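First comes the structure, then the notes that go with it.
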Amino acid sequence: MIRIFNHYMHRQTLARMLSDIGFVMLAMLLVFITLSGSFSLWPMAGTQAVTIAAGMFVINTASGLYQKAPNFTINQAVARAAVALLLALPLTWLVFGLLPADLPNRDAMRMAGVAGVAAVILRRVYATHWAASHHGRTRIMILGSGPAAMLVTDTLRERDPNAEVVGYYPSPNESECAVDESKVLSGDRSLSATASDLNVDEIVVALTERRSGSMPLRELLDCKLIGVKVFDVNTHFEKTLGQIRLGFANAGWMIFGDGFNQGFGRTAVKRVFDVLSAAVLLVLAAPIMLIAAVVIKLDSRGPVFYRQERVGLNGSTFQVIKFRSMRVDAEKDGKPRWATVQDDRVTKVGNFIRRARIDELPQLWNVFKGEMSMVGPRPERPFFVEQLTQQIPYFAVRQSVKPGVTGWAQVRYQYGATVEDSIEKLQYDLYYVKNHTLFLDIVILFETVAVVLTGKGAR
């Protein structure tokens, strides 16, 4: 994992992005040299090549093609590739169409650009599913052999195919062995000697019991001094899952660790980004919003928009604005209810606009007013906030930043309709509050496009 502006990314993901950009640029350069016999076309068509490379990066990212292969099936990958082709091919055709009409081999460059872009997308699907590299695996030793160690193993197996657990170094204070006993290492040798013998790259400290004497601090320091990375279990979940796990996090770790920066500079940058991105999105989405307003009015009686009280920054309340997707008597008894799968209160048009996230677009007005941000935790109703704050530790931490139209929890987890779902989503929200930067906001916006295209998590 590589940490970029506080956000953890897989090395493979970064390598895929850079390789695709490089592949497009190299292909365009070879085409120019082939057609002219020199670099003479580059000054005229180089801008188009750079534009296409940047466009491919945005389209592939938004389509989810840089996600790890275990996250979706081959059919889903093909579907994402089809969406990417539908976006990238017309873009390439239009961009190369801007070349001067009298430029030699203009049409040939245009066709070569289209073919090159198609090859990049198809290569990405192939490389992800059939040509995945098994080299450069990270050798990980886990300190502990109890339930916490087993949970670490499960997350590595599910989320990081390049991670190899070489064994479990036992702790004398752990009475329960929850892992494969054949992989439990001998405790006769020191931790650093064992790590050196096994060529370990990382050690994850996953002790279920942390009483006095169970944490071999001196030996862990020795391991770090010989070049082995040492992570506690909280940091492991943070970098592997993009979560702060409530079962392991504690106030001391959050207070004395890095992150949770809410300075003036970050607030100012975020506000400028919110206004600019909301303005661009409003212009692009204006025709869609107009059509949505008309069909909502034709589909069922009642207003086009609805307003509802939500909790915002520091517990203040505001009126969120959304397109109406339910009947006007959705809560005729006055009791707040979460939306559920196949909720009978949702109208026919409402079902579509919720899946396509069109119902969220009027919240751009809340962004302009400063009540919401483009990216942040989902704004909840006061009734649920009061209930969840009493039941879930650290739930109020999410209110230290503005709620968002989209967010890390929204793109990483399905719609939450239970306390258990709220706990799972809070773990993603805590990660965002701890690590939020402009870079992470941009990543989330890209992933939101992929979520919209697939209808993931909508209700």
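The values are calculated or read from the model by the stated rules, or taken from the named source; none is laboratory data. The model shown is predicted, which means the values in this text are computed figures rather than measured ones. Quick reminder, even Gly has a Cβ in these numbers, built from the backbone with ideal geometry, and neighbours come from all protein chains shown.
Annotation: of all residues in segment 221-246 being among the aliphatic types (A, V, I, L, M) and touching a residue at least 40 places away in the same chain (Cβ under 8 Å), the one that is farthest from E164 (Cα to Cα) is L246.
You will find that of A27, A45, A49, the residue that is surrounded by 14 or more Cβ atoms within 10 Å (Cβ to Cβ), modelled with pLDDT under 75 and in a helix (DSSP H, G or I) is A45 and no other.
Taking the condition in a helix (DSSP H, G or I), within 22 Å of the chain's Cα centre (by Cα), at pLDDT 85 or above and under 21 Å from E238 (Cα atoms), does R398 pass? Criteria met by R398. Pairs linking a residue in segment 41-70 that is assigned by TED's automatic domain parsing to the domain that holds Y8 to a residue that is among the polar types (S, T, N, Q) and at pLDDT 80 or above, with Cβ atoms under 8 Å and 6 or more positions apart or on different chains, are I52/T92; G55/T92. What do you reckon, is V411 surrounded by fewer than 24 Cβ atoms within 10 Å (Cβ to Cβ), closer than 18 Å to Q363 by Cβ, modelled with pLDDT under 90 and assigned by TED's automatic domain parsing to the domain that holds L281? Considered against the rule, which asks whether it is surrounded by fewer than 24 Cβ atoms within 10 Å (Cβ to Cβ), closer than 18 Å to Q363 by Cβ, modelled with pLDDT under 90 and assigned by TED's automatic domain parsing to the domain that holds L281, V411 comes out as yes.
Checked against the criterion of being part of a loop (DSSP other than H, G, I, E, B), in contact (Cβ under 8 Å) with a residue 60 or more places away in the chain and either at negative phi or surrounded by fewer than 14 Cβ atoms within 10 Å (Cβ to Cβ) (or both), the candidates A278, A249, A285 yield just one match: A249. Considering segment 414-440, the residues that are touching a Ser or Thr at 6+ places or on another chain (Cβ under 9 Å) and of a type in the set (G, A, S) include one that is surrounded by the fewest Cβ atoms within 10 Å (Cβ to Cβ), namely A417.
Taking first residues from segment 430-444 that are within 11 Å of N6 (Cβ to Cβ) and partners that are at pLDDT 90 or above and surrounded by fewer than 18 Cβ atoms within 10 Å (Cβ to Cβ), the Cβ contacts under 8 Å between residues at least 6 apart in sequence or on separate chains come to L438/V269; L438/F273. Looking at segment 347-392, which of its residues are among the basic types (K, R) and either closer than 15 Å to G404 by Cβ or outside any helix (DSSP H, G or I) (or both)? Within segment 347-392, R357, K369, R378, R381 meet the criteria. Go through the residues of segment 126-148 one by one and say whether even a single one is assigned to a helix (DSSP H, G or I), aromatic (F, W, Y), farther than 19 Å from K224 by Cβ and at pLDDT below 90. Yes, there is a match, as at least one residue in segment 126-148 is assigned to a helix (DSSP H, G or I), aromatic (F, W, Y), farther than 19 Å from K224 by Cβ and at pLDDT below 90.
Taken over segment 176-230, the criterion of being in a loop (DSSP other than H, G, I, E, B), closer than 26 Å to G247 by Cα and basic (K, R) is satisfied by R210, R211. Answer with yes or no whether T406 is touching a helix residue (DSSP H, G or I) at 6+ places or on another chain (Cβ under 7 Å) and without any contact (Cβ under 8 Å) to a residue 12 or more places away in the chain. The answer is no for T406. Here P90 does not qualify as modelled with pLDDT under 75, in a helix (DSSP H, G or I) and either not small (G, A, S) or not assigned by TED's automatic domain parsing to the domain that holds L29 (or both). Within segment 296-327, being closer than 21 Å to N366 by Cα, free of Cβ contacts under 8 Å to residues at least 40 places away in the same chain and outside any strand (DSSP E or B) holds for P303, V304, S316, R324, S325. The residue list K335, K348 contains one member that is among the basic types (K, R) and modelled with pLDDT under 85, which is K335. Of all residues in segment 356-407, those satisfying the criterion of being under 16 Å from S316 (Cβ atoms) and small (G, A, S) are G370, S373, G376, A396, S400, G404. Which members of segment 275-328 meet the condition of being within 18 Å of R354 (Cβ to Cβ) and either among the charged types (D, E, K, R) or not assigned by TED's automatic domain parsing to the domain that holds E360 (or both)? Listed by number, the residues that qualify are K297, D299, R307, R310, K322, R324, R327. Assessment of segment 412-422 against the conditions (part of a loop (DSSP other than H, G, I, E, B), of a type in the set (G, A, S) and touching a residue at least 60 places away in the same chain (Cβ under 8 Å)) yields at least one matching residue.
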